[in-house]
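Engineer: One structure, pasted below without further comment.
The values are calculated or read from the model by the stated rules, or taken from the named source; none is laboratory data. All of these numbers come straight from a predicted model, not from anything done at the bench. Quick reminder, even Gly has a Cβ in these numbers, built from the backbone with ideal geometry, and neighbours come from all protein chains shown. Note: areas computed on protein heavy atoms with side chains; ligands, DNA, RNA excluded. Shrake-Rupley method; radii C 1.70, N 1.55, O 1.52, S 1.80 Å.
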Amino acid sequence: MAKLMSSNAFHLLLLSSLMSFVAATTSIDDAANAKITTLPGQPKDASVAQYSGYVRINEKKKMFYWLVEAASDADSKPLLLWLNGGPGCSSIGYGAFQEIGPFQVLPNGELAKRQISWDTEANLLFLDSPFGVGYSVRSVVEEDGDNSTAMDNFAFLNKWLEFFPKFKYRDFYIAGESYAGHFIPQLAQVIVNQNKGIARPVINLKGLLLGNPTLDRPTGDPGRWEFYWVHGLISDATYENMRKFCSVDRASEGCKNAWQEAYNNEIGVVNIYNMYARPCENNTTQDLMYRGGNEFCLEADTVNYLKRKEVQESFHVDPSHIPFNYTLCSEPGVNLKYSRSDGETSVLPILKELIEARLRIWIYSGTTDIAVPLPMTRRNIAALKLKVQEKWYPWYHRDQLGGWIEIYEGLMFVAVMGAGHEVPMYLPSQAHTMFQSFLSNAPMSEPPPKQTNST
């Protein structure tokens, strides 16, 4: 496979073909009919301007979106595109309903108005991507990868803006987490290249916000072993074997055996998304014992809600393409075939390009995440070899320690103390404060002044 997005000729060819296609194809579901009056179970006092439906990319593919307009001043506030990772997990099912959107699904199937939602600061656009994820549709399951996903997402944005033209030229940001650490920079790269030489671009990309992102696994993996060892998840012997074998060849038998020993015999039953939270049962069964011990087990309730016929009708979902067993993350090889080798590709060169393009780039990391732990992200950032403008210092939230910040030339790194993989779900107030700071391009509050004893 060719190196990801590495050739200007590759970009020019794809962009030329794409723009010709966008100009020639106008068959998109009518956006005038996309308005959602109300969702089943929506609180009567929760007024939300929301739209959903499909954008047809070609005869085989159409992408599902949910737009939630800002709670106030929607005509002036920026547009935020949220992407979840996987690859293959729904941005509606995760990002919207479990993290930053206006509603959360309750165990009884009703919706609760989320107390802290990002729609106070921006218009929120959630996209089920790539095809075969969530409500997005494709007639034939074919292999996707990072390149095709970036181009499909770019095609979606161009066509979607034709039906929501008030968002043209609006300040535009992209945020998300996990494998969206690939999706977001790759989409941004396409947008930046397309906008070159345009004084007033239609897609007015301003910045990226990446949460616990997958950026470069080979570079970051030593940070993962270190995190596991320091937190007592693996033995000294396994840690040493990882250092010995995996640092040389991650595909070696020695490395594979070390990971097998860790997962089969040492780590135990742990919540990989937040090591200090009790693990949830699987995504289809909700154990009430765990609900009592972990308020973050939201997957099963969300799946049950999104499977309901009346919910799908309210979302304008195509009834002929609803999977029999709807899942938040697509089943590999059934709904989605995604290139495994792309996951091993580094997006650090793309981040360097975007830094040079002067985009605002913030990376945040929950400190209790096992899936993409903080030391892994620190090693990825270190590999960028950026100049430090302000060294590691604590930031505060409501006069309490919220985490730490390091400011680099062209990049801000934020550690959120006590948060897991989905930072906005685990610590919504801190995440909201961070989002406000990101939009204003100003770091969160520094430590309060030290108190001195007077005599």
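Engineer: Would you compute, for the Cα atoms of segment 84-139, the largest minus smallest coordinate along each principal axis and list the three values in descending order, in whole Å?
Structural biologist: Rounded to whole Å, the extents work out to 37, 29, 17 Å.
Engineer: While we're on this one: Place a +1 charge on the Cβ of each Lys and Arg in segment 73-198 and a -1 charge on the Cβ of each Asp and Glu, then give the dipole magnitude about the Cα centre in debye, rounded to the nearest 20.
Structural biologist: 340
Engineer: Using a 1.4 Å probe on the protein heavy atoms, what percent of the accessible area of segment 80-136 belongs to carbon and sulfur? The partial results should precede the final answer.
Structural biologist: On the way: 540 of 1140 Å².
C and S atoms contribute 47 percent here.
Engineer: In segment 305-420, what percent of the accessible surface is made up of carbon and sulfur (1.4 Å probe, ligands and nucleic acids excluded)? Write out the running numbers ahead of the final one.
Structural biologist: Numbers: 2730 of 5530 Å².
With neighbouring chains kept in place, the figure for segment 305-420 is 49 percent.
Engineer: Once phi is turned into θ = phi - 60°, what whole-Hz ³J(HN,Hα) does the Karplus curve with 6.51, -1.76 and 1.60 give for every residue of segment 386-401, x standing for Gly and Pro?
Structural biologist: Here the 3J(HN,Hα) series is 8, 6, 7, 8, 9, 6, 2, 8, x, 10, 10, 10, 6, 6, 10, 4 Hz.
Engineer: With a sphere of radius 11 Å drawn around the Cβ of residue 273, what net charge do the other residues whose Cβ falls strictly inside it have (Lys, Arg +1; Asp, Glu -1)? Show your work: numbers first, answer last.
Structural biologist: Values: positive: none; negative: 177, 299, 369, 422.
Result for the neighbourhood of residue 273: -4.
Engineer: At what distance in angstrom do the alpha carbon centres of segment 354-398 and segment 91-136 lie from each other?
Structural biologist: So the separation of the two Cα centres works out to 26 Å.
Engineer: Sum up the charges of everything whose Cβ sits under 12 Å from the Cβ of residue 97, counting Lys and Arg as +1 and Asp and Glu as -1, but leave residue 97 out. Could the numbers behind the result be given before it?
Structural biologist: Values: positive: 114; negative: 99, 299, 301, 422.
Neighbour charge sum, excluding residue 97 itself: -3.
Engineer: Counting heavy atoms of the protein chains only and a 1.4 Å probe, report the per residue accessible area for segment 170-289 as a whole number of Å². Can you show the working numbers first?
Structural biologist: Working: 5500 Å² over 120 residues.
On a per-residue basis, 46 Å².
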